[in-house]
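Asker: I'd like to ask some things about the structure below.
The values are calculated or read from the model by the stated rules, or taken from the named source; none is laboratory data. Just so it is clear, the structure is predicted and the values come from calculations on it, not from any experiment. Quick reminder, even Gly has a Cβ in these numbers, built from the backbone with ideal geometry, and neighbours come from all protein chains shown.
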Amino acid sequence: MSAVLSTRGLAKRFGSLVVAQDLSLALPRGVRYALIGPNGAGKTTLINLMTGMLRPDAGSIFLGEDEITSLAPESRVKRGLARTFQINTLFPSLSALESVTLAVLEREGHAGTWWKSLPAYRDAAGEAHEILSSLGIAKDAYRLTRELAYGRQRLLEIALALATRPKVLLLDEPAAGVPKDESADLFEAISSLASELTVLFIEHDMNVVFRFASRIIVMVGGRILVEGSPGEIARDPEVRAVYLGKAAHG
């Protein structure tokens, strides 16, 4: 199976601190990946490298067959690589529908004038409503972002990413700050995304990881320790020793 996103030998250091070493991976189309590891393992660094927020000191990044190592973050988004952050980045004074419509228009190059003639952009608004529906938050379409429960805000941030029509969606701790009873709903929505979309998410709750990931990548000390199915990761003695512990029994 060909990879939709891959890295080869990525390395990054800040002075004497090595934060990424020889990171090579290949994400096939439509697979749900979890990226796990202790704090400081390099998980967010890897996402920052793949999305262009950081430049690697060595190595290369490919989206399909095309190398994107030197592309700016916005160029990677246009080619199909989208992400969310640990802390949401939303428009508090816009409704959920307005926010996603704006993201659709940004993709189409009309964001600068959207507010002048919103009725002219009914197709964009229709697409935005469909995206909200796919995540189970269409009933919140006309509510202001700042009025939404935090879990709904995280889903709205995912909706903004989906508005770019990504091939790959990278989620940096999407459940961070979300009450535990809401995180399951959030991941249910993520798991129901289009089957052709490749998803990689960082998550610390091992119950969530083993429930929703079809593949798991374990990072330790800026390196990829192992990759495998949930069953393989749960049985791996080195993984259990350095990270999972009793969580693998859940």
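Asker: Got a sec? Which of A26, A41 is among the hydrophobic types (A, V, I, L, M, F, W, C), surrounded by fewer than 16 Cβ atoms within 10 Å (Cβ to Cβ) and within 17 Å of V218 (Cα to Cα)?
Answerer: The conditions single out A26.
Asker: Being surrounded by fewer than 20 Cβ atoms within 10 Å (Cβ to Cβ) and either part of a loop (DSSP other than H, G, I, E, B) or on the phi > 0 side of the Ramachandran plot (or both) is the filter here; which residues of segment 57-79 pass it?
Answerer: Listed by number, the residues that qualify are D57, G59, G64, E65, T69, S70, L71, A72.
Asker: Can you pull out the residues in segment 176-194 that are more than 16 Å from G136 (Cα to Cα) and among the aliphatic types (A, V, I, L, M)?
Answerer: A176, V178
Asker: Looking at (1) surrounded by 12 or more Cβ atoms within 10 Å (Cβ to Cβ); (2) closer than 30 Å to G9 by Cβ; (3) at pLDDT 90 or above, which is the only condition F85 fails?
Answerer: Unmet for F85, out of (1) surrounded by 12 or more Cβ atoms within 10 Å (Cβ to Cβ); (2) closer than 30 Å to G9 by Cβ; (3) at pLDDT 90 or above: (3).
Asker: So, restricting to strands (runs of 3 or more DSSP E) that lie completely within segment 190-242, which ones have at least 3 residues that are buried (at least 18 other Cβ atoms within 10 Å of the Cβ) and in the same structural domain as L46 (by TED's automatic domain parsing)?
Answerer: Counting at least 3 such residues, we get 198-202, 215-220.
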